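Taking it in order: structure first as structure tokens, then the write-up.
The values are calculated or read from the model by the stated rules, or taken from the named source; none is laboratory data. Worth saying up front: this structure is predicted, and the values here are computed from it rather than measured. Cβ: placed from backbone, ideal geometry, glycine included. Neighbour counts: every protein chain shown.
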Amino acid sequence: MTAAPMTVRICYLYPRLLSVAGDRGNLFTLMQRCAWRGIRCSVTEADVGVVPDFTQCDLILLHGGQDREMTAAALDLAEKAGPLREAIEGDAAVLAVCAGYQLLGRYYAPAAGPRIAGLEVLDVITRAGPARFIGHVAAACDLGSGRQHSLTGFENHSGRTYLGSGARPLGQVLAGAGNNGEDGTEGARYREVYATYLHGPVLPKNPWFADHLLSRALAHRYTGVGPLAPLPDHAEAQAHAAALRLARRQAGRWRAAVAAVSQARRPSRASRG
Amino acid sequence: MRIIASRPPARSGEGTPPVPPSVQARFALALAGGKAAAAAARALRVGGGTSFPGVVARWIDPRVLQRAMAGSDARKVVVTGSNGKTTTCRMLAALAKAEGLRVTQNRSGSNLLQGVTSAAVRETDLRGRMDAQLLLLEVDEATVRLVAPEVRPDTLMVTNIFRDQLDRFGELYAMARGLEAVIETLPASATVVLNGDDPLVASLAQGASARRLYFGIRADGTGGQVPEHAADTVRCVRCQHPLAYRVVHLSHLGDYRCPECGNARPGLDVAVTAIRPSPEDGSEITVETPAGTFSLRVPLPGLHNVYNAAAALAGEIALSRPRPLEPAEARRALAGVRPAFGRLEAIRAGERQVVLAFVKNPTSYNATLREVLRRPGRKHVLAAHSNTVVDGEDFAWLWDVDIEQLVPQLASLVISGTRAEEVLLRFKYAGARPEITRVLPGRSAALDTALTGIPPGESLYIFAGYTPMRELRSGMQRRGWVQPAWAE
């Protein structure tokens, strides 16, 4: 059998600053899915003022936060920019969510005030929009494997992100708004960077995505790593199916509401505050 | 101790020409319609009729709440914030009733515009008169900007601002701005009662003409120095620099100071200076107030209830400014407060006991868990969440709850609600063993299964969101274990 157990080295960026919508569940999911397979996991937390050794990281987590926290993270991220960019160019895997996604782009332009510079790893820009996109999302993803997966989660963002020619979308929106509510794209990817607007958190409900990240992280450190051992994902599959149902039902409601409004030509009563 | 009887000075906009008869008739019709709706809801046993009467009354006369309030001599207190509204209201009501005041409240959880209107309709007679001397309104923190202009509160209390149903409210700071807009409209005769230990709440009302009263905890040895992971406002509201805490009591509540700009916790008008856990599930506290120093018993467990008691005392002081409180009377009144329904409410269920906990966000859930984990023995748990307008659609916050701490004490687990899959996933990743876990989305079946699975003499702990909590409680009510919530 195999020799020493493998270890995935996870770097959890801004565990305090960027942690607004249960996104630490992504870390729990990665750790448990490693543990259930006998793969070891080491987690380095790096908050403001700490520059971790990114050369010793296989998987980097960068989560969402509110506007103020995002501004603070952007300032600090400038200090981490050099080694983080090198790690990304060295194919370390990155999961970036919401504000974390926006921070990896070129800039974020708020409604008022100066632009917040991003890391420019992703060829995307983000502008503050007039209203928030809040609701369930489903997207179709093909991460180059030729195999189609669905990604489900919950979005809550006012930023509109637009992809430049150098960025590929993570997926195509099936229900919900995604990047900007206009072009049908959701998220972005570059090398082994996977960026998304989906909270939920995204990994527990999308175990295929969690395992993809783990595979890429293991490939970053080890050569000749085989496929991950399958896990009994009944609970995950049920939660995924439920989230997909909710996203589709909500998409149906929106279409119906839009039709009703355009017919009646009177303001609709928003269903939520 | 007596409340000043005089009305606050008339505000601009009042003293308008006499109300035309047609307007008066419409108002009366709205009141009658609302009362009829409440009676019908009761007769048909569709709950206590908590928001339906308000809906009907507002449909007949959209200004019914405004008119009822303008015609009332009652002092109006609005209590808002993320957590502790219901309990703070119960404590303040107990203090005010001890003074002999006729107090009326909206029903717990019915804290949106319709629920507040229902309460006003219930308490106003058909001629538009209200008997109550103190109208105590618990108002949802996102709705307060709609309710306040109609109610025109004499006192506005903000308990705290935690992340609560972010999918509904957007961002915390947007909510704070909404509260600020309400506070700016309050006249100089009004009082704003603020949690001084909450950096975001304490930053409110800096330019307001209303009087400010801060409450908080100044007792050492009750907290850590680093905010919990689920803490929300850990950065300076003014300059974004991380706040330094001399002591953290609960989540982001504590004695903070910004090392960068010097922004610090304000001086506390009502300060809890000592906390001693009391033998029977509660705390003995010492509180310094402008009316003197009190030694009180908070009959409900947990630091969050110490905050609620401090808030209620501050509210009481805002009401009865000219006369000092009498400690003995306040002590007696507060000690008699029972938990609001669903706040670790103990219910006898035959040979077993149910402990019902209403959990709606990471802070309330973690505070509740901490209390439950202090109790001895392994825990039988029923966890239920549903997606509704009240409970929201986004349950990501469950991942900010420290379920991992509960799992080692778990004896059995039943999961329920329309979002049972979500709850199951959270417990699975926290390490709950599949052998002791059952999923039963129907609330009634879940309760039966959970109770039959535990030995006589033991307790079932229910952690549930608002709607499943009401449903489970109704089930227990049908079995005669508990009184209807609205009959309390």
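Given the residues B:Gln66, B:Gln24, which is the only one that is in a helix (DSSP H, G or I), among the polar types (S, T, N, Q) and at pLDDT below 90? None of the other options fit; the residue is B:Gln24.
Applying the selection to the stretch B:176-213, what residues are in contact with a strand residue (DSSP E or B) (Cβ under 7 Å, 6 or more places away or on another chain) and part of a loop (DSSP other than H, G, I, E, B)? Answer for the stretch B:176-213, where residues must be in contact with a strand residue (DSSP E or B) (Cβ under 7 Å, 6 or more places away or on another chain) and part of a loop (DSSP other than H, G, I, E, B): B:Leu186, B:Ala190, B:Gly196, B:Asp197, B:Asp198, B:Leu204, B:Ala205, B:Ala208, B:Ala210. Restricting attention to the stretch B:374-390, the residues being of a type in the set (D, E, K, R) and within 12 Å of chain A (Cβ to nearest Cβ) number 0.
B:Gln105 falls short of the stated requirement of being surrounded by fewer than 24 Cβ atoms within 10 Å (Cβ to Cβ) and over 30 Å from B:Glu329 (Cα atoms). Counting only strands (runs of 3 or more DSSP E) wholly contained in the stretch B:407-464, the ones carrying 1 or more residues that are surrounded by 24 or more Cβ atoms within 10 Å (Cβ to Cβ) and within 14 Å of chain A (Cβ to nearest Cβ) occupy B:410-416. Within the stretch A:1-21, the set of residues being more than 10 Å from chain B (Cβ to nearest Cβ), of a type outside the set (A, V, I, L, M, F, W, C), under 16 Å from the mean Cα position of the chain (by Cα) and not in a strand (DSSP E or B) comprises just one member, A:Tyr14.
From the list A:Arg106, A:Arg37, A:Arg24, A:Arg68, the one residue that fits, being basic (Lys, Arg), touching a residue at least 12 places away in the same chain (Cβ under 8 Å) and within 14 Å of another protein chain (Cβ to nearest Cβ), is A:Arg24. Among the residues making up the stretch B:110-124, those that are of a type outside the set (Ser, Thr, Tyr) and either closer than 18 Å to B:Asp154 by Cβ or free of Cβ contacts under 8 Å to residues at least 24 places away in the same chain (or both) are B:Val116, B:Ala119, B:Ala120, B:Glu123.
Could you please find all residues in the stretch A:45-60 being away from chain B (no Cβ under 13 Å) and either outside any strand (DSSP E or B) or modelled with pLDDT of 95 or more (or both)? Listed by number, the residues that qualify are A:Val51, A:Pro52, A:Asp53, A:Phe54, A:Thr55, A:Gln56, A:Cys57, A:Asp58, A:Leu59, A:Ile60. Of the candidates B:Lys76, B:Lys97, the single residue that is more than 14 Å from chain A (Cβ to nearest Cβ), under 21 Å from B:Glu316 (Cα atoms), surrounded by fewer than 19 Cβ atoms within 10 Å (Cβ to Cβ) and touching a strand residue (DSSP E or B) at 6+ places or on another chain (Cβ under 8 Å) is B:Lys97.
Candidates in the stretch B:221-241 are the residues that are farther than 24 Å from A:Gly25 by Cβ and at pLDDT 70 or above; of these, the one that is surrounded by the most Cβ atoms within 10 Å (Cβ to Cβ) is B:Cys236. If the condition is being free of Cβ contacts under 8 Å to residues at least 24 places away in the same chain and closer than 19 Å to B:Val401 by Cβ, then the stretch B:430-453 contributes only B:Arg433. Count of the stretch B:58-96 residues, restricted to those that are out of contact with any helix residue (DSSP H, G or I) (no Cβ under 6 Å at 6 or more places or on another chain) and over 25 Å from B:Gly128 (Cβ atoms), is 5.
For the stretch A:168-194, taking the residues that are among the aliphatic types (A, V, I, L, M) and either under 15 Å from the mean Cα position of the chain (by Cα) or within 16 Å of A:Trp208 (Cα to Cα) (or both), the one that is surrounded by the most Cβ atoms within 10 Å (Cβ to Cβ) is identified as A:Ala188.
On the basis of being under 19 Å from B:Asn195 (Cβ atoms) and acidic (Asp, Glu), does B:Glu326 make the cut? So B:Glu326 fails the test. Among the residues of the stretch B:371-386, some residue qualifies, meaning at least one is touching a residue at least 40 places away in the same chain (Cβ under 8 Å), of a type in the set (A, V, I, L, M) and in a helix (DSSP H, G or I).
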